1. For a label point 7 Å from the Cα of Met172 along Cα→C-beta, name the residues of region 88-131 whose backbone N is under 16 Å from it.
2. Shape call for region 167-302 from the C-alpha gyration tensor, a ≥ b ≥ c root eigenvalues: rounded (a/c under 1.5), prolate (a/b greater than b/c) or oblate?
3. Can you work out the Karplus-derived ³J(HN,Hα) for every residue in region 199-205? Use 6.51 cos²θ - 1.76 cosθ + 1.60 with θ = phi - 60°, whole Hz, and x for glycine or proline.
4. Report, for region 229-378, the % of DSSP beta bridges that are antiparallel, rounded to 5.
5. Show me, for region 72-88, the HN-Hα J-couplings you get by feeding each phi into the Karplus relation (A = 6.51, B = -1.76, C = 1.60, θ = phi - 60°), rounded to Hz, glycine and proline as x.
6. Of Lys326/Lys392; Lys97/Lys370; Lys151/Lys392; Lys96/Lys371; Lys126/Lys370; Lys97/Lys373, which pairs sit farther than 29 Å apart, going by alpha carbon to alpha carbon?
7. Which percent, to the nearest 5, of DSSP beta bridges fully inside the chain are antiparallel?
8. Using a 10 Å cut-off on Cβ atoms, rank the peptides 171-180, 333-342 from the highest mean neighbour count down.
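The values are calculated or read from the model by the stated rules, or taken from the named source; none is laboratory data. All values derive from a computational prediction rather than experimental measurement. Heads up, the Cβs are rebuilt from the backbone with ideal geometry, glycines too, and the neighbour counts pull from every protein chain shown. Just the protein is used for accessible areas: all its heavy atoms, side chains included, with ligands, DNA and RNA removed. Shrake-Rupley method; radii C 1.70, N 1.55, O 1.52, S 1.80 Å.
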Amino acid sequence: MPSNKSVSDAPITQFINCRILRDNELQREDLWVREGRILDPEKLFFDEQGYADKRVDCGGSIIAPGFIDVQINGGYGIDFSQASEDVSDGVSFVAKKILEHGVTSFCPTLVTSPPEVYHKVLPQVKVHDGGPHGAGVLGFHLEGPFISAEKKGAHPEKYLRTFKSGGLEHLMEVYGSLDDVAIVTLAPELPGSQSVVRELSQRGITVSLGHSAADLSQAEEAVQQGASFITHLFNAMLPFHHRDPGIVGLLTSDRIPAGRVVYYGMIADGIHTNPAALRIAHRAHPSGLVLVTDAITAMGLPPGRHTLGQQVIEIQGLHAYVAGTKTLSGSIATMDMCVRHFKQVSGCSVQEALEAASLHPAQLLGISPKKGKLDYGSDADLVLLDEGLNVKATYISGEEETGPPVPLYMIDMSGF
């Protein structure tokens, strides 16, 4: 029998015995879901006289908004930067697997590549909601090729680009299209970059500053033109200096336009960022911290050699290096690992750790409160976690899509 004939015949699910992350607090109350959205129980009870068709006993679990990963290069043997006829199948495979780690939405990330790779890959994957097929795709994150040769990191130098006269037109020639693109990472010191930042921002694309030797004034100018994100803070940028802190200085800059927030990605895998540096960033600007995995092909695979775009990567323990070097190249961490490590080493609250993987990336992309919150009317993309922030189950639109995760192959995660 339908719960509510006056508004909808759709069944209602009630999550009981849980603590809900809402308004920066863990609140002991039930969560009600219908048609993939979170319901206001007061309206349900008093306006509709509705009741639950199904109850889910959460056993005291924490319910948080589903995690959002805005920088993930692949995983489980899949490299998003490898052009093939079945790119969408690879993205779908990763989308299904990352549900085990609480991720309900993500931005497939392409590293610096030749134009033919962008032209082949980008048309094959469209923005879409999550479901039984896996986490939803929020749009591509294009990391390069308009970055600094000095701070290229693992990006192949021969494919790096500068902006020719015309700026955005040249970018369009390289990418082929900006359809289904959510984020572009570029170096703001490149000649012509500021007009590109402005035009991308006007198109609703998030501009991120990264792989850059920019000084603080160049970074501030980019933010004034519309940039709002920093790609993997501290990595592939000028180190902090007291006379010119570079891009890192944006965390406390007084030249950020009123009402604007600069967010910054943090790879909290215990390798890319020293715990002291992570604590400094968090204490300086807690509301801007966005946890990212920067995961590569080898996430979930055994040690050995794998690919990342046009490079060969070698996995040694928890480190991913460009083969034959000690240059770090992405991570093999999962998002739930990053959440646990961040909380452990920063001393932040459970709420802060969870919001860094959900609320903040949603705010960055302008999709909150639809995503990243458990407000009334928000999408019922949920992750259930125990006291240790281990994932117990992941829900998309109120439907359970996975049970607890399988540990990464042959990797000791006891420290995470």
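1. 119
2. Because a/c hits 1.5 or more and a/b fails to exceed b/c, region 167-302 counts as oblate.
3. So the J values, rounded to whole Hz, are 5, 5, 4, 5, 7, x, 9.
4. Within region 229-378, antiparallel bridges account for around 60 percent of the total.
5. 9, 8, x, x, 6, x, 9, 10, 5, 8, 9, 5, 7, 7, 10, 4, 4
6. Lys326/Lys392; Lys151/Lys392
7. Among the beta bridges of the chain, antiparallel pairing accounts for roughly 50 percent.
8. Peptide ranking by packing, descending: 333-342, 171-180.
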